[in-house]
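As structure tokens, the structure follows; a few thoughts come after it.
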Amino acid sequence: MSLLTTLDILALTIFAACWLGYAVIVDRVPAIRARSVINAMDQHRQRWMRATLLRDNRIADMAAIGNLMNSTSFLATTSIFILGGLVAMLGASDLGRRVVAALPWAEQMSDIAWEMKIGLLLVIFVNAFFELTWALRQFNYSSILVGGLPTDPRDEHGLLLADAAARVLNRAARHFNTGLRSYYFGLAALAWVIHPLALVATSLFVVRELHRREFRSEVLAALRSAD
């Protein structure tokens, strides 16, 4: 039994092009990023931090950042549980392959092929963990910056501090979004244990859904109408 078939290699190439290519194009090409929901929210976060300067009581602002931290912490913790399950699957490869072989259209695979497929999932969710924990730290930093904003709206330095807090929040949101994408593509990579064509189909489906949500959603239309 061969290590990886030609179809496996083709499917893995398409998966990598979808995951890495989408991230590079959306996050690194300014003209495309400017049309995304991520960019629209960046502007609203800047307005939020500037509006904070006009409030003496910032409990609601701190609570909002706390909610962002809770959702990020939940996903980061979940990624640890997923990694633990994947390591267990590596240690019980015979049982895992028997379970998968019972599924319709599932292919027989060698131990090394199984380990490579589970290894891909490990890489994806390790990346998700690092992205989410870095986002969590940046949300924490932003809460400190909000706490240090001056209460006098006439303070000239206050606007600079508010913009700095907005930039930290925007970076946190960007890393949170990257970690969330890893979850989406992790679900796509899970299909590889069944069949390479399933990996191709789920990869293309994830890209389609990400594009629809980030560039053609009702949320984006609402944000643009507010602008």
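The values are calculated or read from the model by the stated rules, or taken from the named source; none is laboratory data. Only a predicted model underlies this, so the values are computations on that prediction, with no experimental measurement involved. FYI the Cβ positions are ideal-geometry reconstructions off the backbone, even for glycines, and counts take in every protein chain you see.
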Can you go through 208, 212, 174, 137 and tell me which one is on the phi < 0 side of the Ramachandran plot, assigned to a helix (DSSP H, G or I) and in contact (Cβ under 8 Å) with a residue 40 or more places away in the chain?
174
Can you tell me which residue in segment 1-21 is modelled with the highest pLDDT, limited to those that are farther than 16 Å from residue 203 by Cα and of a type outside the set (Ser, Thr, Tyr)?
4
Given (1) more than 30 Å from residue 120 (Cα to Cα); (2) surrounded by fewer than 17 Cβ atoms within 10 Å (Cβ to Cβ); (3) modelled with pLDDT of 90 or more, residue 24 misses just (1)
Verdict on residue 204 being hydrophobic (A, V, I, L, M, F, W, C), surrounded by fewer than 21 Cβ atoms within 10 Å (Cβ to Cβ) and either under 19 Å from residue 33 (Cβ atoms) or at pLDDT below 95 (or both)
no
Of the residues 47, 35, which is under 28 Å from residue 225 (Cα atoms) and part of a helix (DSSP H, G or I)?
47
Could you tell me whether segment 140-160 includes any residue that is among the hydrophobic types (A, V, I, L, M, F, W, C), crowded, with 18+ Cβ neighbours inside 10 Å, in contact with a Phe, Trp or Tyr (Cβ under 9 Å, 6 or more places away or on another chain) and in a helix (DSSP H, G or I)?
no
